[in-house]
Structures are given as C-alpha cells and as structure tokens.
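Chemist: Submitted below is the structure of interest, expressed as structure tokens.
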Amino acid sequence: MKDINLSGIAAELERFASERDWGQFHSPKNLAMALSGEAGELLEIFQWLTTAESEQEALSEEQFGFVEEELADILIYAIRIADRLGIDLADGIDRKIATNAKKYPIEEAKGNATKYNKRKK
Ligand SMILES: [Mg+2]
C-alpha cells in the first residue's frame, strides 16, 4: 500500500468541486450523507456472501474492483468532510489509534472481540 498524501488529495478534491461549482452542495451534512451512501454500496458487494467468499482470494476481479472503488469513494468523502471542517485527518487518525490502544489494552483485548464497554471488570 502506498502512503497517501491527505492534504494533496484534499486540495485535488477542492479543485475538482470548485471547477464544477459543487462547493454549494458540499456541506458537511451532505458529504456525511454521501459517505454513508458509499458505505452502503460497499456493504452491498458483501451482502449475502459467506465469510469465506468475502476474502481476497475468493472475490472475482470484478468484485475486487468494485470494493476498491467504494473504499475510494468513502475515503474521498471522509477527506472532503475533514477539509470542509478544518480537521487535520492525519492527527485525528493518530489520536483515534491512541484512544483505541487505551480502550483495548493487549492484556485485556487479545483474542477477544468484546467491545470495551461490555467487558467484565
Ligand atoms: Mg460508489
């Protein structure tokens, strides 16, 4: 996986929208709704597949291409929302990973998928 340049992508998306006068449609609300729609499109690809059928080696080339497209759509909207709200997404991701590490310490979470707030103390 290549590293991605979030600020470069945000600038490219801003230019893309601006050239089409789409900024007027890109409120954070509308972008969040669009992101949810794209997440639904991703789910649709996997809907009705068994767990094994959803693995990389079992997907057809066409299915794989659709997954790639929907993941890109989701990330594009996430980057666009962050840009419109002035959120530094790279910092946000770093903070979220650190938060998750605290919520799910290895000694409590290893091999255990229970959500942190449902864990028995
Ligand atoms: Mg899509």
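The values are calculated or read from the model by the stated rules, or taken from the named source; none is laboratory data. It should be emphasised that the depicted structure is a prediction, and the values quoted were computed from it without experimental measurement. Note that we place each Cβ from the backbone using ideal geometry, even for glycine, and neighbour counts take in every protein chain shown.
Chemist: Report whether or not residue 121 is out of contact with any Phe, Trp or Tyr (no Cβ under 8 Å at 6 or more places or on another chain), more than 22 Å from residue 16 (Cβ to Cβ), modelled with pLDDT under 95 and not polar (S, T, N, Q).
Modeler: Yes: the conditions hold for residue 121.
Chemist: Being in a loop (DSSP other than H, G, I, E, B) and more than 27 Å from residue 113 (Cβ to Cβ) narrows it down to one residue among 4, 9; which is it?
Modeler: Details: 9 fails: in a loop (DSSP other than H, G, I, E, B).
Exactly one of 4, 9 is in a loop (DSSP other than H, G, I, E, B) and more than 27 Å from residue 113 (Cβ to Cβ), namely 4.
Chemist: Scan the range 54-65 and tell me whether some residue there is hydrophobic (A, V, I, L, M, F, W, C) and within 12 Å of the ligand (Cβ to nearest atom). Show your work before the answer.
Modeler: If we filter the range 54-65 for residues that are hydrophobic (A, V, I, L, M, F, W, C), which is where we start, we get 58-59, 64.
Now restrict to residues that are within 12 Å of the ligand (Cβ to nearest atom): none.
Looking through the range 54-65, none of the residues is hydrophobic (A, V, I, L, M, F, W, C) and within 12 Å of the ligand (Cβ to nearest atom).
Chemist: Here is a follow-up. Of everything in the range 89-109, what is surrounded by fewer than 14 Cβ atoms within 10 Å (Cβ to Cβ) and under 30 Å from residue 12 (Cβ atoms)? Give them in sequence order.
Modeler: If the condition is that a residue be surrounded by fewer than 14 Cβ atoms within 10 Å (Cβ to Cβ) and under 30 Å from residue 12 (Cβ atoms), then 90, 91, 92, 93, 94, 95, 96, 97, 98, 99, 100 are the ones that fit.
Chemist: Just checking, how many residues over the range 50-61 are part of a helix (DSSP H, G or I) and among the aliphatic types (A, V, I, L, M)?
Modeler: From the range 50-61, those part of a helix (DSSP H, G or I) are 52-54, 56-58, 61; that's our starting set.
Of the ones still in play, those that are also among the aliphatic types (A, V, I, L, M) are 52, 58.
Residues flagged as part of a helix (DSSP H, G or I) and among the aliphatic types (A, V, I, L, M) within the range 50-61 amount to 2.
Chemist: Could you check how many residues of the range 67-98 are of a type outside the set (Val, Ile, Thr) and outside any helix (DSSP H, G or I)? Working first, answer last.
Modeler: Kept after step one, since they are of a type outside the set (Val, Ile, Thr), are these residues of the range 67-98: 68-73, 75, 77-78, 80, 82-86, 88-92, 94-96, 98.
Cutting the leftovers down to outside any helix (DSSP H, G or I) gives us 86, 88.
Total satisfying the criteria: 2.
Chemist: Just to verify a result, which residue in the range 99-121, among those that are in a helix (DSSP H, G or I) and small (Gly, Ala, Ser), is nearest to the chain's Cα centre (by Cα)? Outline the logic, then answer.
Modeler: To start, the set of residues in the range 99-121 that are in a helix (DSSP H, G or I) comprises 99-103, 106-109, 116-118.
So of that shortlist, the ones also small (Gly, Ala, Ser) come out as 101, 109.
Working: 101: 19, 109: 23 Å.
Within the range 99-121, the match that is nearest to the chain's Cα centre (by Cα) is 101.
Chemist: Separate question: Scan (1) part of a helix (DSSP H, G or I); (2) within 26 Å of residue 26 (Cα to Cα) for the single condition residue 64 breaks and write down its number.
Modeler: Unmet condition: (2).
Yes/no matrix, rows are residues, columns are (1) surrounded by 12 or more Cβ atoms within 10 Å (Cβ to Cβ); (2) over 22 Å from residue 1 (Cβ atoms):
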| residue | (1), (2) |
| --- | --- |
| 21 | no, yes |
| 24 | no, yes |
| 28 | yes, yes |
| 42 | yes, no |
| 70 | yes, no |
| 76 | yes, no |
| 82 | yes, no |
| 112 | no, yes |
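Chemist: Could you list all residues from the range 15-53 that are among the β-branched types (Val, Ile, Thr), more than 16 Å from the ligand (Cβ to nearest atom) and within 20 Å of residue 69 (Cβ to Cβ)?
Modeler: So the first thing to find is which residues in the range 15-53 are among the β-branched types (Val, Ile, Thr), and the list is 45, 50-51.
From what's left, more than 16 Å from the ligand (Cβ to nearest atom): 50-51.
Selection gives nothing.
Chemist: Another question, if that's okay. Go through (1) within 16 Å of the ligand (Cβ to nearest atom); (2) within 19 Å of the chain's Cα centre (by Cα) for residue 12 and report which single condition fails.
Modeler: Going through (1) within 16 Å of the ligand (Cβ to nearest atom); (2) within 19 Å of the chain's Cα centre (by Cα) one by one, residue 12 breaks only (1).
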